[in-house]
Amino acid sequence: MPKFAANLSLLFTELPLIERFAAAAKQGFKQVEIQFPYELPIEAIRSQLEQHNLQLILINVPAGDWAGGDRGIACQPDRKTEFRAGVVLALEYAQALQVPQVNCLSGIAPHTVAYTEIEDTFLENIAFAADMFEKAGVKVLMEAINTRDIPGFWLNNSRQAFEIIKKLDKLNVAFQYDVYHMQIMEGDLINTLRTNLEQIAHIQIADVPGRHEPGTGEINFPNLFKALEAMGYSGFVSLEYNPVGQTIDGLRWLSQTDQ
């Protein structure tokens with residue numbers, strides 16, 4: 001079976017973020033990820049990781065004003081300076097906490113800007129991030145998001161992402177494959193993963209519809225996990241879903257998977 005990690009931004013939200021590390025460890029997780037850890041000081045996170053014997057495997061570069069509707073800014077030409085400042089902050093956290101991978105969200109495409117300018121901006125920003133993080137041995141990921149949940153999100157399918165990776169030709173740039181988003185946008189999950197596995201560094205899961213835990217929707221997760229094992233996927237599969245009820249109750253599927 002794959003190596004599972006807990007996303008502390010969506011799981012254990014019954015608790016403040018600082019208390020979710022202990023909750024994840026109590027449920028047997030050894031690795032965690034946090035979308036945006038910046039509300040907590042580095043030392044507070046480090047203390048929790050050490051205390052509970054956890055590894056922080058992924059964070060996101062700051063994504064603009066999330067409360068104000070931003071969902072990333074990497075594709076927006078007028079916000080390059082802001083994006084690069086976010087890269088510097090993410091690099092500080094990644095280096096201090098030994099985070100091996102950092103995700104960059106493209107964001108929503110500006111309606112008044114040509115596609116070519118948007119793409120050039122994203123390529124330039126990801127190349128900048130890749131060069132910055134390469135010095136620290138950190139991999140830069142990009143994630144495609146479905147346009148049903150976030151209308152207008154620029155990077156929204158795997159083919160687009162793989163084309164960008166090819167254009168960038170950076171050894172430390174890869175794709176973060178989110179099963180939930182890709183099931184909505186294109187389906188064909190197992191074949192896409194198998195065909196492009198060398199370019200996929202991280203996987204996140206949630207069922208469709210609803211973005212809840214496996215077993216609540218249409219995706220055949222047992223088949224998906226068996227396929228990942230068969231194709232030799234060595235990365236993590238992170239639980240990035242909204243539990244239907246209490247997080248612990250929603251983890252029953254995981255204990256059944258391990259059997």
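Data overview
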read-out	value
Sulfur and carbon atoms: percent of accessible area, the stretch 106-259 [1.4 Å]	48 percent
GluC sites (Glu not before Pro) within the stretch 108-190, DSSP loop, no more than 16 other Cβ atoms inside 10 Å	Glu186
Cα-based reach from Lys226 at 13 Å (exclusive), listing aspartates and glutamates while leaving out same-chain residues under 8 positions away	Asp258
Computed label-point distance, nm, for sites Glu82 and Ala22 using a 7 Å Cα→Cβ extension	3.7 nm
GNM result for the chain, Cα springs below 10 Å: residue of Pro16, Pro77, Pro62 fluctuating most strongly	Pro16
Extension gain from Trp66 to Glu218, taking 0.36 nm per residue of separation minus the Cα-Cα distance	51.8 nm
The stretch 1-70 - accessible surface per residue (Å², probe 1.4 Å)	44 Å²
FRET efficiency, 1/(1 + (r/R0)^6) with R0 45 Å, evaluated for Ala136 and Thr112 via beta carbons	0.80
Inter-site label distance for Ser255 and Met1 at 7 Å from Cα along Cβ, in nm	1.1 nm
Listed pairs Lys80/Lys139; Lys135/Lys166; Lys3/Lys80; Lys26/Lys80; Lys135/Lys167; Lys80/Lys135 exceeding 30 Å between Cα atoms	Lys3/Lys80; Lys26/Lys80
Residues Gln31 and Gln160, FRET efficiency given R0 of 25 Å [Cβ-Cβ distance, rounded to 0.05]	0.35
Per-residue [θ]222 nm for the chain (sum of -39500 (n - 2.57) over DSSP H runs n ≥ 4, rounded to 500)	-12000 deg cm²/dmol
Computed FRET value (nearest 0.05) for Leu123 with Ala230, which takes r as the C-beta separation and R₀ as 22 Å	0.05
Calculated SAXS-style log₁₀ I(q)/I(0) at q = 0.18 Å⁻¹ - the stretch 105-259, Debye, Cα scatterers	-1.13
For the stretch 84-98 versus the stretch 205-259, the gap between their alpha-carbon centres in whole angstrom	29 Å
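The values are calculated or read from the model by the stated rules, or taken from the named source; none is laboratory data. Because the structure is predicted, anything quoted here is derived from the model rather than measured. Cβ: placed from backbone, ideal geometry, glycine included. Neighbour counts: every protein chain shown. Accessible surface areas use protein heavy atoms only, side chains included; no ligands, DNA or RNA. Shrake-Rupley method; radii C 1.70, N 1.55, O 1.52, S 1.80 Å.
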